[in-house]
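Engineer: This is the structure, below, for whatever I ask next.
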Amino acid sequence: MFIQTNLPTINDMDNLYNDLAKVYEAMYHSFIDYQEEYDFYSTILKKYNKKSILEIGSGTGNLAGHLVQNGFDYTGLDLSQAMVDLAKSKVSAGKFVQGDMRYFKSEKPVESILVPSRTINHLLTGEDINTTFSCFHHNLQQGGILCFDFIDAGEFMPLIWGGKKVMHEAVFEDTYYCRESIWTPTLEHGMDFNWTSFYFKKENEQLINIGEDSTQVRTFTVQEMEIFLKVHHFTVKEITARTSYAFPTYVVVAERD
Ligand SMILES: C[S@@+](CC[C@H](N)C(=O)[O-])C[C@H]1O[C@@H](n2cnc3c(N)ncnc32)[C@H](O)[C@@H]1O
């Protein structure tokens, strides 16, 4: 269904989605209630009468499992082959492909594109944002629905302005994990920040360092997103505030003109 491209990745240092993919899988079950994610997004998809979905940034397939089980015609696309492989091993009835949201090409236009879990915030440059929204437009049917969430710059950037350290804990299959994150505003491309994180696992009552990651993340204002959507020929239908584990976000639903 998809024509593959082999273009450079956005964040070469996104260790979390590559070497640490299994750690992601272990920890994010504690951070995100995927049943609740399913209830939230499936309500939107049903409201706009969309039964076939392309999920961008499908990760380890946690939302995919619910969508497939509930009869949606589902395809997941993710930049990381490690994430795609994990998703395929968990959701055998799902279709998963490796690809880049900036450059993928579906053979046939799709009914809906869903980009949850703040995946849009991995887009850093103006060129990356423009390419991605053009790509979404190109791959959606006329009247198709684009639904995504993004970290709200207006709330989040003041919170981390002088730099902020946070700890997140998780338990998976009786093993304790934690992550120390350091968020530092960088303002290189817009309202972006550096996210450096250290991952630990408890073994014999000792915390063992199991990996590190350092990446750039760009936050957006609602007004910026409205402009990007308008110039790429989308009509905004809904913008809703929603808190998603560590982040204040907005969820956008837009229709392709
Ligand atoms: C925060 S994770 C969300 C994963 C999953 N949706 C979940 O809720 O667990 C973001 C995902 O986006 C993927 N990603 C990052 N940049 C991408 C790009 N340019 N194109 C496609 N996927 C990308 C990452 O590999 C990662 O799996």
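Engineer: Could you tell me which of rounded, prolate or oblate describes the stretch 155-217, using a ≥ b ≥ c as the square roots of the eigenvalues of the alpha-carbon gyration tensor, with rounded for a/c under 1.5 and, failing that, prolate when a/b is larger than b/c and oblate otherwise? Please list the in-between numbers first.
Structural biologist: Details: a/c = 3.22, a/b = 2.56, b/c = 1.26.
The shape class here is prolate.
Engineer: Using alpha carbons only, how many angstrom separate the centre of the stretch 215-241 from the centre of the stretch 171-189?
Structural biologist: Going from one Cα centre to the other spans 25 Å.
Engineer: Please build a GNM for the chain, connecting alpha carbons under 10 Å apart, and tell me which residue among V23, V231, V217 fluctuates the most.
Structural biologist: For the chain, modelled as a Gaussian network with Cα springs under 10 Å, the answer is V231.
Engineer: For the chain, what is the calculated [θ] at 222 nm in deg cm²/dmol (nearest 500), taking -39500 (n - 2.57) for each run of four or more DSSP H residues and dividing by its residue count? Kindly include the intermediate steps, with their values, before the conclusion.
Structural biologist: Numbers: 7 runs with 75 residues, N = 257.
Result for the chain: -9000 deg cm²/dmol, rounded to the nearest 500.
Engineer: Past 30 Å, Cα to Cα, is the threshold; run K88/K164; K22/K50; K51/K237; K95/K237; K47/K164; K22/K237 against it and keep the listed order. Mind dumping the intermediate values first?
Structural biologist: Working: K88/K164 36 Å; K22/K50 32 Å; K51/K237 18 Å; K95/K237 28 Å; K47/K164 39 Å; K22/K237 37 Å.
Violating the 30 Å limit, Cα to Cα: K88/K164; K22/K50; K47/K164; K22/K237.
Engineer: What percent do you get for the relative contact order of the chain when only Cα pairs under 8 Å and 6+ apart count?
Structural biologist: Working: 541 pairs, mean separation 48.6, N = 257.
Reported relative contact order: 19 percent.
Engineer: Give me log10 I(q)/I(0) at q = 0.08, 0.10, 0.14 Å⁻¹ for the chain, Debye formula, one equal scatterer per alpha-carbon, no solvent.
Structural biologist: Debye intensities relative to I(0), on a log10 scale: -0.30, -0.47, -0.97.
Engineer: How high is the relative contact order of the stretch 80-217, in percent, with contacts defined as C-alpha pairs under 8 Å that are six or more residues apart?
Structural biologist: Result for the stretch 80-217 is 17 percent.
Engineer: Where in the chain is the longest stretch that carries no GluC sites (Glu not before Pro) classed as loop by DSSP and with at most 15 other Cβ atoms within 10 Å? Working shown, then result.
Structural biologist: Numbers: sites that count: E107, E173, E188, E205.
Result for the longest clean stretch: 1-106.
Engineer: Let me ask you something else. Would you tell me the accessible area of C178, worked out with a 1.4 angstrom probe on the heavy atoms of the protein chains, in Å² to the nearest 10?
Structural biologist: Using a 1.4 Å probe on the heavy atoms, I get roughly 0 Å².
Engineer: Pairs of Cα atoms under 8 Å, at least six residues apart: use those to get the relative contact order of the stretch 155-217, whole percent. Working shown, then result.
Structural biologist: On the way: 118 pairs, mean separation 15.7, N = 63.
Reported relative contact order: 25 percent.
Engineer: Please report the antiparallel percentage of the DSSP beta bridges confined to the chain, to the nearest 5. Display every interim value, and only then the final one.
Structural biologist: Details: 50 of 67 bridges.
Roughly 75 percent of the beta bridges in the chain run antiparallel, per DSSP.
Engineer: Counting only protein heavy atoms and using a 1.4 Å probe, what share of the accessible area of the chain belongs to carbon plus sulfur, as a whole percent?
Structural biologist: Working: 5810 of 11770 Å².
With neighbouring chains kept in place, the figure for the chain is 49 percent.
The values are calculated or read from the model by the stated rules, or taken from the named source; none is laboratory data. Because the structure is predicted, anything quoted here is derived from the model rather than measured. Heads up, the Cβs are rebuilt from the backbone with ideal geometry, glycines too, and the neighbour counts pull from every protein chain shown. Remember, those area values only see protein heavy atoms, side chains included, never the ligands or the DNA or RNA. Shrake-Rupley method; radii C 1.70, N 1.55, O 1.52, S 1.80 Å.
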